[in-house]
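What follows is one structure encoded as structure tokens, with my remarks underneath.
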Amino acid sequence: MTTPVCTSASKAATGHAGHAASFTGYPSFSSYVRARGPVLLRTARSLTANPCDAEDLLQTALTKTYVAWERIEDHRALDGYVRRALVNTRTSQWRKRKVDEFACEELPEPSSTGSTAVPVQDPAEQQALHDAMWRAVMKLPDRQRAMVVLRYYEDLSEVQTAEVLGVSVGTVKSAVSRALGKLREDPELIPAR
């Protein structure tokens, strides 16, 4: 969990020989993380519900501590500094989160009890019915299919459908009536009634 910070700090301290004097405090950061990591992780877990989020939170707080390591004058107060970084980071995360749900006194879903309640269908059953209906519509002759699609899927009036297809309103009425009769007789749709 904290290895990347410690490893990069150790590599930075040993990798730049010309700047070794400026990195003398970082090995103590590594030893601090090794010694106090479990205690700080417990603190992070108390701030989040998910253990993985707690590890991420601690990693972020330790990164902030690592960046400020040279500015921290009293190394005996490091636990307080990291705890404050944990709390501030968690507060920032909480403020930035998107609220998808919120509590309210009344449920927005309709109740399934009572005589006026509309039965809630299973989404899989609704999709199966939709697919069966579309297959049945696709079996219709081209002209009837076009009229059914314009009337019921595109929600055009009989007059508008007649104008689009260049036929009379009576032709639309009779063709749609015959198409609906065929759909009523389709064996795949009979159980849905």
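The values are calculated or read from the model by the stated rules, or taken from the named source; none is laboratory data. This is a predicted model, so every value here is computed, not measured. Note that we place each Cβ from the backbone using ideal geometry, even for glycine, and neighbour counts take in every protein chain shown. SASA here: full protein model, heavy atoms, side chains in, ligands and nucleic acids out. Shrake-Rupley method; radii C 1.70, N 1.55, O 1.52, S 1.80 Å.
For segment 132-180, enumerate the residues that are charged (D, E, K, R), within 41 Å of the chain's Cα centre (by Cα) and assigned to a helix (DSSP H, G or I). Let's see the steps before the verdict.
Narrowing segment 132-180 to residues charged (D, E, K, R): 135, 139, 142-143, 145, 151, 154-155, 158, 163, 173, 178.
Now restrict to residues that are within 41 Å of the chain's Cα centre (by Cα): 135, 139, 145, 151, 154-155.
Residues satisfying the conditions are Arg135, Lys139, Arg145, Arg151.
Can you tell me which of Thr171, Thr161 is farther than 22 Å from Met133 by Cβ, among the polar types (S, T, N, Q), surrounded by 11 or more Cβ atoms within 10 Å (Cβ to Cβ) and at pLDDT 90 or above?
Thr171
Among residues belonging to segment 181-193 that are part of a loop (DSSP other than H, G, I, E, B) and of a type outside the set (D, E, K, R), point out the one that is surrounded by the most Cβ atoms within 10 Å (Cβ to Cβ). Step through it out loud before you land on a result.
Within segment 181-193, the subset part of a loop (DSSP other than H, G, I, E, B) is 186-189, 193.
Now restrict to residues that are of a type outside the set (D, E, K, R): 187, 189.
Numbers: Pro187: 7, Leu189: 15.
Of everything passing the filter in segment 181-193, Leu189 is surrounded by the most Cβ atoms within 10 Å (Cβ to Cβ).
Looking only at segment 128-175, count how many residues are touching a residue at least 60 places away in the same chain (Cβ under 8 Å) and touching a Gly at 6+ places or on another chain (Cβ under 9 Å).
So the answer is 0.
Suppose we filter segment 43-72 for residues that are touching a residue at least 40 places away in the same chain (Cβ under 8 Å), within 25 Å of the chain's Cα centre (by Cα) and open to solvent by 50 Å² or more (accessible area, probe 1.4 Å); how many remain?
Of the residues in segment 43-72, 2 are touching a residue at least 40 places away in the same chain (Cβ under 8 Å), within 25 Å of the chain's Cα centre (by Cα) and open to solvent by 50 Å² or more (accessible area, probe 1.4 Å).
Residues being small (Gly, Ala, Ser) and either modelled with pLDDT under 85 or open to solvent by 80 Å² or more (accessible area, probe 1.4 Å) (or both): count how many of those fall in segment 73-104.
At the first step, the residues of segment 73-104 found to be small (Gly, Ala, Ser) are 77, 80, 85, 92, 103.
Restricting the remaining residues to those that are either modelled with pLDDT under 85 or open to solvent by 80 Å² or more (accessible area, probe 1.4 Å) (or both) gives 77, 103.
Matching residues across segment 73-104 total 2.
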